[in-house]
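Worksheet: the structure to be examined is printed underneath.
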Amino acid sequence: MEPAAQPLWTPSAERARHCALARFSHYVQERFKAPVHDYPSLHKWSVEFPEHFWSAVWDFCEVRCSRGSQQIIADATHLPGAQWFVGAQLNYAENLLHNGHDTLALIFRNESGERRELTRQQLRSEVARIADGLKQAGVKAGDRVAGYLPNIPEAVIAMLATTSIGAIWSSCSPDCDASAVVDRFVQITPRVLFAADGHRYAGKSIDCLPSIAELCEEVPSIERVVLVPYLNAGVTAERVPDGVLFDSFGRTGQTLAFAQLPFEQPAFILYSSDGTDAPKCIVHSAGGALIQQLKENILHTDMGAEDRCFYFTACDSVMWNALVSGLATGATIVLFDGAPLQPDPTILWRMAAEERITLFGTNPQFLATCEQLGLRPRETFDLSALRTVLSAGGPLSPASYRYVYRDVHPDVQLSSLAAAPDIMGCFGAACPLLPVYEGEIQALGLGLKVEVFDAAGRPLIGQQGELVCTRPFPSVPVGFWGDTEAERFTAAYFARYPHVWWQGDRATLTPHGGLIVHSRQ
């Protein structure tokens, strides 16, 4: 494979010098005498010395915990089976809500023109109230709480309230067919369901009340439905079984408390399905999700307190988790609910300009459609605040790379991501120190020994093969819900190559350290 003759973008010396990843490199040089002088050497060190690397991430990213770990990694050669930060006690939500100052936590907009804001103090107060409601409903650590919600502030609040008490959050988007939602929720037996009465998409009103009734009938574990009046402000709790309105759930003025639990305590259930079997209910630990997200947000994406971060996503996507986790960096997150291109194809670019978004996350289909429609956002909107564009959800075509630099912004870091709900993160990630080459993911994720294998398990460079990860990492899932003997879990990820994580993607490692993901098996 011939490398691209010239990069499409290279970070300025000033940008590279001041990014968090550069500071982290200096930090590990001083603390561990790590032989790090560029990104490839940093990545090499991160996978060769995982105990040092992940300990450095913990400290540099300031993980909040009530008790530190006695051992960074136990059973270090076991994949799966390695244990991380043994003895540590922490809470996921606390790490996202630690900053109680009255700065802006989130901005919400939708296709109908609604706009709302929540400061960090308002967010903490709402989380405390909903957490109280969950406790009053009898929910305890380890219980499941489900969301059937659009991408609205109430979804963020409910997730944070759930994880604050040590319960497990799982959500599905309301544009998902009710039977598909039943297939997921019936496996995890949630006790409480947060649901919106409906939503709007592409100018159409979609009533979710019949689907909520079906969910309650088919998932008998649901004891309480917390209803968000979103489509119709006048909807009453009586419209759903065992209903209570979101604003009436829990007592105001409660002190926000965070259950301190082990690193490996389950916090999230995400879903993956190949259409041939029941959906896989992927259980992620609080600690594994947190440290992976902090690493990606702070080191790979260079996110910080001055940023305004947006992903076009839904609540059942791993990118929604990535977006909300941005709160841990002090950034303001921007939520959008609705259609990205209908009836107004410029609505997201207009929002980016008006809200001064610095990090804009989307997907390949959106960028390809913008080009097909002839949109030239840089000529129409002031996108001067924008410094990073991320794309997840599939390979980004070379044409879309050219489109972004020609018609969106000539000086942004454009990073395609190899994101996966399976690991609550990205095998291929952004890197503020590296150039952008057409058609390539910039870098392999730090701490992840990503390789490409042929059918016999031999490493390949410059040739297409199977995307694998050959060493343990903290966000390896706890397992699949209900898979007590780990048979489905092992078959999904470790049957192809024993003790090697097999992702199921065809990929190529490029000569200059990038990654191209071609297709999923």
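The values are calculated or read from the model by the stated rules, or taken from the named source; none is laboratory data. Nothing here was measured: the structure is a model prediction, and the numbers come from that model. Glycine gets a Cβ as well: all are built from the backbone with ideal geometry, and neighbour counts include every protein chain shown. To get the accessible areas, we keep the full protein, side chains included, count just its heavy atoms, and leave off ligands, DNA and RNA. Shrake-Rupley method; radii C 1.70, N 1.55, O 1.52, S 1.80 Å.
Numerical summary
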{"item": "Solvent-accessible area, 1.4 Å probe, carbon plus sulfur percent, for the stretch 149-199", "result": "46"}
{"item": "Overall form of the stretch 272-352 per C-alpha gyration tensor (a/c, 1.5; a/b vs b/c)", "result": "oblate"}
{"item": "Label zone at Lys204, where the point sits 7 Å out along the Cα-to-Cβ direction: the stretch 335-370 residues whose backbone N lies under 19 Å", "result": "337-345"}
{"item": "Mean accessible surface per residue for the chain, computed with a 1.4 Å probe while every protein chain stays in place, in Å²", "result": "38"}
{"item": "Phi to ³J(HN,Hα) by Karplus 6.51 cos²θ - 1.76 cosθ + 1.60 over the stretch 198-210, Hz, x for Gly, Pro", "result": "x, 7, 10, 8, 6, x, 9, 8, 10, 7, 9, 4, x"}
{"item": "Cα-projected label distance for Asp411 with Glu485, points at 7 Å along beta-carbon direction, nm", "result": "6.1"}
{"item": "From phi via Karplus (6.51, -1.76, 1.60), per-residue ³J(HN,Hα) for the stretch 74-82 in Hz, x at Gly/Pro", "result": "10, 6, 5, 9, 8, 9, x, x, 5"}
{"item": "Long-range amide H partners of Ser415 with built H, under 5 Å", "result": "Val389, Leu390, Ser391"}
{"item": "Calculated FRET efficiency for the pair Ala399/His18, C-beta based, R₀ 25 Å, to 0.05", "result": "0.20"}
{"item": "R0 of 45 Å, Cβ-Cβ distance Lys44-Thr236: FRET efficiency to nearest 0.05", "result": "0.15"}
{"item": "Charge dipole magnitude, Cβ of K and R +1, D and E -1 - the stretch 23-142, Cα centre, debye nearest 20", "result": "260"}
{"item": "Cα-based shape type of the stretch 395-457, given that a ≥ b ≥ c are square roots of the gyration tensor eigenvalues and the cut on a/c is 1.5", "result": "prolate"}
{"item": "Spin-label model distance (nm) - Ala257 vs Val186, 7 Å beyond Cα toward Cβ", "result": "3.7"}
{"item": "Stokes-Einstein diffusion coefficient of the stretch 205-282, Kirkwood radius over Cα pairs, 10 °C, 1.306 mPa s, in µm²/s", "result": "100"}
{"item": "Heavy-atom accessible surface of the stretch 446-521: percent carbon and sulfur, 1.4 Å", "result": "51"}
{"item": "DSSP-defined beta bridges in the chain - what % are antiparallel, rounded to 5", "result": "55"}
{"item": "Label-point separation in nm, Arg458 to Gln121, each point 7 Å along Cα→Cβ", "result": "6.6"}
{"item": "Sulfur and carbon atoms: percent of accessible area, the stretch 1-122 [1.4 Å]", "result": "48"}
{"item": "Using a Förster distance of 22 Å, the FRET efficiency for Arg350-Leu104 (Cβ separation, nearest 0.05)", "result": "0.70"}
{"item": "Segments 35-45, 217-227 sorted - mean Cβ within 10 Å per residue, highest first", "result": "217-227, 35-45"}
